[in-house]
Amino acid sequence: MMSTAIASREQPELGKVIFSADDIAATVRRLAGEIKAGFGGNPVHMVAILKGALLFAADLMRALDDYPVTVDFMVVSSYGTGRHGRADVRLLKDLDHSPVGKHVLLVEDIVDEGYTLSYLLGNLRSRRPAQVQACALIDKPFHRAVDVKVDYIGMRAPDDTFLVGYGLDFQERFRNLPHIRQLPSQAPR
Ligand code: PRP
């Protein structure tokens, strides 16, 4: 049997729940309504940014129910976590399908400093889509370093505490939590 000491080393202590599963579900429903109205009948070509947006994108697709939706994925990674001056976003997996002429909805889990979304918007807009709009489940504006427009925002983080769950990770863990909660032992990113 695993000792308590080993178990606690492996499992950083989780803090309070900031957004419950019900909060998230209600927000996803609201966003789906806003997106349907915002796209005005044009098919939504979702580009979900992995891995963080995995759960959000799946639920958002479902909430768009009978609205015409296609989906593609990009995987990016941000290198260097030093605040202000982190700009090295690397594309690890590109789109499978050309976005030319499509009405693209970029789907992110969180916008923090803004480097990632700024990079992705620039990348996608250079490929001649009909339009690109951006949706983020969580806006964390406290350390925004890049002025970036988010067309659809789900919820605003109440402070800059490190958050995990519903796609958000700490060292690749906790993405599977159905809610979003604090990880107080980790410095804000
Ligand atoms: C996270 C998150 C956003 C980005 C936001 O991705 O999913 O893509 O950071 O940060 P920024 O606004 O400060 O640029 P991460 O690089 O941790 O990868 P992940 O999606 O695989 O968790």
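Annotation: per residue accessible area for the range 74-189 equals 46 Å², rounded to a whole number [probe 1.4 Å, protein chains only]. Among F19, F162, F170, the largest mean-square fluctuation in a Gaussian network model of the chain, built with springs joining Cα atoms closer than 10 Å, belongs to F170.
Binning the C-alpha pair distances of the chain at 10 Å intervals from 0 yields a P(r) profile of 9, 36, 35, 15, 4, 1 %, listed from the shortest bin outward. What net charge is computed for the residues neighbouring I35, neighbours being all others with C-beta under 14 Å from the C-beta of I35, Lys and Arg scored +1, Asp and Glu -1? Residues near I35 contribute -2 overall. The modelled label-to-label distance between V75 and E13, using points 7 Å beyond Cα along the C-beta direction, is 3.5 nm. Build a GNM of the chain with springs between Cα atoms under 10 Å apart, and of L105, L91, L124 the one that fluctuates most is L91. Put the Cα centre of the range 56-71 next to the Cα centre of the range 119-162 and the gap is 19 Å. Rounded to the nearest Hz, the phi-derived 3J(HN,Hα) couplings of the range 67-72 under the Karplus curve 6.51 cos²θ - 1.76 cosθ + 1.60 (θ = phi - 60°) are 6, x, 9, 10, 9, 9, where x marks glycine and proline.
Segment R128..D65, full-extension length gain: 20.0 nm, with 0.36 nm per residue of separation and the alpha-carbon distance subtracted. Based on DSSP H segments of at least four residues, each scored -39500 (n - 2.57), the chain has a per-residue ellipticity at 222 nm of -7500 deg cm²/dmol. Of all stretches in the chain that contain no GluC sites (Glu not before Pro) in a DSSP loop with at most 16 other Cβ atoms within 10 Å, the longest one is 14-171. Which residue, A37, A25, A48, tops the fluctuation ranking in a GNM of the chain built on C-alpha contacts under 10 Å? In the Gaussian network model the winner is A37.
Antiparallel beta bridges, as assigned by DSSP with both residues in the chain, represent about 30 percent of the total such bridges. Between 0 and 90 degrees, the angle of helix 21-39 with respect to the longest Cα principal axis of the chain falls at about 20 degrees. The slack in the chain from A58 to K149, taken as 0.36 nm per residue of separation less the alpha-carbon distance, amounts to 30.5 nm.
The angle between the Cα long axis of helix 54-63 and the longest principal axis of the Cα atoms of the chain comes to about 50 degrees, rounded to the nearest 10.
Summarising the label geometry, the points placed 7 Å from Cα in the beta-carbon direction at S185 and R30 lie 3.3 nm from one another.
Between D94 and N42, full extension at 0.36 nm per residue minus the direct alpha carbon distance yields a gain of 16.4 nm.
Tell me the angle of helix 115-125 to the major Cα principal axis of the chain, expressed in degrees between 0 and 90 and rounded to the nearest ten. Once rounded, one gets 20 degrees.
The values are calculated or read from the model by the stated rules, or taken from the named source; none is laboratory data. This structure is a prediction, so every number in the text was calculated from the model and none was measured. Positions of Cβ are backbone-derived with ideal geometry, glycine not excepted, and every protein chain shown enters the neighbour counts. Quick note on the areas: whole protein, heavy atoms, side chains included, nothing else; ligands and nucleic acids left out. Shrake-Rupley method; radii C 1.70, N 1.55, O 1.52, S 1.80 Å.
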